[in-house]
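*Asks:* Take a look at this one; I'll ask things after.
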Amino acid sequence: MLLPMFRGSVLFMIFLGVLVPACKKSRSPRVHKETIISLHITRRSFPNAPSVNLDEAAVSKWISHYTKGLSSFGFSPGAEKSNFEKPYHLDFSYTVRPIETIRPVTRKGVTHDRAFEATVYLTLRPLFTADPDEVIRGVESEWKTFPRNQSRYLDRFLTEALRSATGNAVGSIWFEADLKKAPVAKILALLDSPEVKIRMLTVGIIGRRRIPEALDKLITMLKTERYEVHKMRIAGVLGHLGDEKAVEPLSEFALSLSDEHTVAVLSIISSIGGKRAETFLQWMAFGHKSKPVQKAAKNLLDKMEKEHKRPIN
């Protein structure tokens, strides 16, 4: 049984309704400027993990299924390079990780006391350039529980979970590829998405494209996002934008973090530079309670002084 793509996912709806034009039936297939012609598959091993070996034919079939109708890339593994203006390579790797400890759950009267996590890692890159900005990565996992007495079906469970994770990873990559070309207004609108995954993908694109119109929304998100890992990603993009308006909210954020993360945000603030950044780093260098943070702030001030070739008072 084929698992449905992006069950209930807002991400898939955005493909259909926002970024991907409606596909009309046509007798001739669409010719893509950017086409994947090379595919490499790797299995990453975990100790005591159940074994499942995916061949290129199966993976190609999955990807062809999930990319059907999407706009960004064609998929023709094995095709001649000369037939395409911009050929791409796709690295496909996967892991299956056994879950050693699980709290049994009952589903439809059956106790599930076994579990594993299947993860798919996709890396899409052009064949003829090493530009890191053109590399797109997607990582997706599927958690599967099952009863002990159904262990004989483990191979089927593993394959289904990896297939579903492949669909979600393909969705992430194609979504990001379309987003790279989207108008600024659409990108800014996606920062208000109710789905955190979409917001974070959009934040990454803003950093790569350096979209200054996103500054105010990113500053707001630095305060409203729930998880620290997401706030750190936003802080990094604010550093890429390099606007001194971000120094004050970044300074407030730095004071709420562990020493390690505080030092990371201080580095972002110093990369923006300006008088506000200097003032905050001076205060941190002499007023922060943590010695490692003080030392990091002093080192950043020294670095700023050398780069500006003038004393910082």
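*Asks:* Which numbered condition trips up residue 177, out of (1) surrounded by 17 or more Cβ atoms within 10 Å (Cβ to Cβ); (2) over 20 Å from residue 139 (Cα atoms); (3) small (Gly, Ala, Ser)?
*Replies:* So residue 177 meets the others, but not (2).
*Asks:* A follow-up question, please. Answer with yes or no whether residue 172 is out of contact with any helix residue (DSSP H, G or I) (no Cβ under 8 Å at 6 or more places or on another chain) and either in the same structural domain as residue 37 (by TED's automatic domain parsing) or closer than 28 Å to residue 73 by Cα (or both).
*Replies:* No, not satisfied.
*Asks:* Show the residue pairs that are 6+ apart or on different chains and have beta-carbon atoms under 8 Å apart, the first residue being within the stretch 152-174 and among the charged types (D, E, K, R), the second being in a helix (DSSP H, G or I).
*Replies:* So the pair list comes out as 163/62.
The rows are residues; the columns are (1) at pLDDT 90 or above; (2) of a type in the set (Gly, Ala, Ser); (3) more than 26 Å from residue 63 (Cα to Cα); (4) over 13 Å from the mean Cα position of the chain (by Cα).
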{"position": "175", "(1), (2), (3), (4)": "no, no, no, no"}
{"position": "180", "(1), (2), (3), (4)": "no, no, no, yes"}
{"position": "184", "(1), (2), (3), (4)": "yes, no, yes, yes"}
{"position": "190", "(1), (2), (3), (4)": "yes, no, no, yes"}
{"position": "197", "(1), (2), (3), (4)": "no, no, no, no"}
{"position": "202", "(1), (2), (3), (4)": "yes, no, no, no"}
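*Asks:* I'd like to know if the stretch 213-234 contains one or more residues that are touching a Gly at 6+ places or on another chain (Cβ under 7 Å) and exposed (fewer than 14 other Cβ atoms within 10 Å of the Cβ).
*Replies:* no
*Asks:* While we're looking at this one, here's another question. Of all residues in the stretch 212-231, which are modelled with pLDDT under 95 and of a type in the set (A, V, I, L, M)?
*Replies:* Of everything in the stretch 212-231, just one residue is modelled with pLDDT under 95 and of a type in the set (A, V, I, L, M), namely 229.
*Asks:* Of all residues in the stretch 255-269, which are in a loop (DSSP other than H, G, I, E, B) and surrounded by 14 or more Cβ atoms within 10 Å (Cβ to Cβ)?
*Replies:* 257, the sole residue that qualifies.
*Asks:* Same structure again: If I filter the stretch 212-225 for residues that are assigned to a helix (DSSP H, G or I), closer than 24 Å to residue 282 by Cβ and in contact with a Lys or Arg (Cβ under 7 Å, 6 or more places away or on another chain), do I get at least one hit?
*Replies:* Yes: the stretch 212-225 contains one or more residues that are assigned to a helix (DSSP H, G or I), closer than 24 Å to residue 282 by Cβ and in contact with a Lys or Arg (Cβ under 7 Å, 6 or more places away or on another chain).
*Asks:* May I pose another question? Considering each residue of the stretch 243-254, count those that are surrounded by 14 or more Cβ atoms within 10 Å (Cβ to Cβ) and either over 23 Å from the mean Cα position of the chain (by Cα) or more than 14 Å from residue 284 (Cβ to Cβ) (or both), and give that number.
*Replies:* Qualifying residue count, the stretch 243-254: 8.
*Asks:* Another question, then. May I ask you to verify whether residue 115 is in the same structural domain as residue 34 (by TED's automatic domain parsing), without any contact (Cβ under 8 Å) to a residue 60 or more places away in the chain and not in a helix (DSSP H, G or I)?
*Replies:* yes
*Asks:* Scan 246, 277, 254 and give me the residue that is more than 29 Å from residue 195 (Cα to Cα) and in the same structural domain as residue 192 (by TED's automatic domain parsing).
*Replies:* Among 246, 277, 254, only 277 is more than 29 Å from residue 195 (Cα to Cα) and in the same structural domain as residue 192 (by TED's automatic domain parsing).
*Asks:* Something else now. Of these, 61, 68, 33, 81, which one is at pLDDT 90 or above and at negative phi?
*Replies:* Checking each option against the conditions leaves just 61.
*Asks:* Same structure again: Out of 131, 155, I need the residue that is among the charged types (D, E, K, R), more than 25 Å from the chain's Cα centre (by Cα) and not assigned by TED's automatic domain parsing to the domain that holds residue 210. Which one?
*Replies:* On inspection, the qualifying residue turns out to be 155.
*Asks:* Additional query: Here is a check on your reading of the model: is residue 207 of a type outside the set (A, V, I, L, M, F, W, C), closer than 19 Å to residue 267 by Cα and assigned to a helix (DSSP H, G or I)?
*Replies:* yes
*Asks:* In the stretch 284-300, is there at least one residue being surrounded by fewer than 20 Cβ atoms within 10 Å (Cβ to Cβ), aromatic (Phe, Trp, Tyr), in a helix (DSSP H, G or I) and modelled with pLDDT under 95?
*Replies:* Checked against the condition, which is being surrounded by fewer than 20 Cβ atoms within 10 Å (Cβ to Cβ), aromatic (Phe, Trp, Tyr), in a helix (DSSP H, G or I) and modelled with pLDDT under 95, the stretch 284-300 yields at least one hit.
The values are calculated or read from the model by the stated rules, or taken from the named source; none is laboratory data. Since the model is a prediction, treat every value here as computed from it, not as a measurement. Quick reminder, even Gly has a Cβ in these numbers, built from the backbone with ideal geometry, and neighbours come from all protein chains shown.
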